[in-house]
């Protein structure tokens, strides 16, 4: 999974990102080992546009973890979280990783969902009332 030229993170952010994942990969692996990953790229830097990877479309090097997930009856391979895979993907210009927080024994099924509410400008009175009571 070598990122195309358009996804390269500019230096010095690239070396700082790699160092971050080298420092914390063992802890992330311990907490989330084996979950499917979607790499996140920010080729214009941290204030720029975000590009997300997805299912793998080619083989990964030996030792890089992947997991197959069924989507609409079709098996798709994703990177799977482990120490070596995180550091490898960071070297391949990933700046972050996302997942759908799968259930432990059913990787295709989410364990929970997040709901993000982005209010209109100005916020609707119903949304304002709902969030005041949380």
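Details
- Filtered residue count, the range 23-47, keeping only those that are part of a strand (DSSP E or B) and without any contact (Cβ under 8 Å) to a residue 60 or more places away in the chain: 3
- Close Cβ contacts (under 6 Å, 6 or more residues apart or on different chains) running from residues in the range 78-89 that are within 20 Å of residue 57 (Cα to Cα) to residues that are in a helix (DSSP H, G or I) comprise 79/85; 81/32; 82/29; 86/21; 86/25; 87/21; 87/22; 87/25.
- Applying the set (1) at negative phi; (2) modelled with pLDDT under 80; (3) loosely packed, with under 13 Cβ neighbours inside 10 Å; (4) not in a helix (DSSP H, G or I) to residue 3 leaves exactly one unmet item: (3).
- Residue selection: residue 68 satisfies the criterion of being surrounded by 10 or more Cβ atoms within 10 Å (Cβ to Cβ), free of Cβ contacts under 8 Å to residues at least 24 places away in the same chain, over 14 Å from the mean Cα position of the chain (by Cα) and in a strand (DSSP E or B).
- Unmet criterion (only one of (1) farther than 22 Å from residue 101 by Cβ; (2) free of Cβ contacts under 8 Å to residues at least 60 places away in the same chain; (3) surrounded by 12 or more Cβ atoms within 10 Å (Cβ to Cβ)) for residue 17: (2)
- Residues (modelled with pLDDT under 70 and surrounded by 11 or more Cβ atoms within 10 Å (Cβ to Cβ)) located in the range 73-128: 123, 127, 128
- Selection count, the range 79-97, where residues are in a loop (DSSP other than H, G, I, E, B) and within 18 Å of residue 67 (Cβ to Cβ): 4
- Counted residues, the range 27-39 - those being surrounded by fewer than 16 Cβ atoms within 10 Å (Cβ to Cβ) and under 16 Å from residue 91 (Cα atoms): 0
The values are calculated or read from the model by the stated rules, or taken from the named source; none is laboratory data. This one's a predicted model, so the numbers in the text were calculated from it and none came from an experiment. Backbone-built Cβ (ideal geometry, glycine too); neighbour counts: all protein chains shown.
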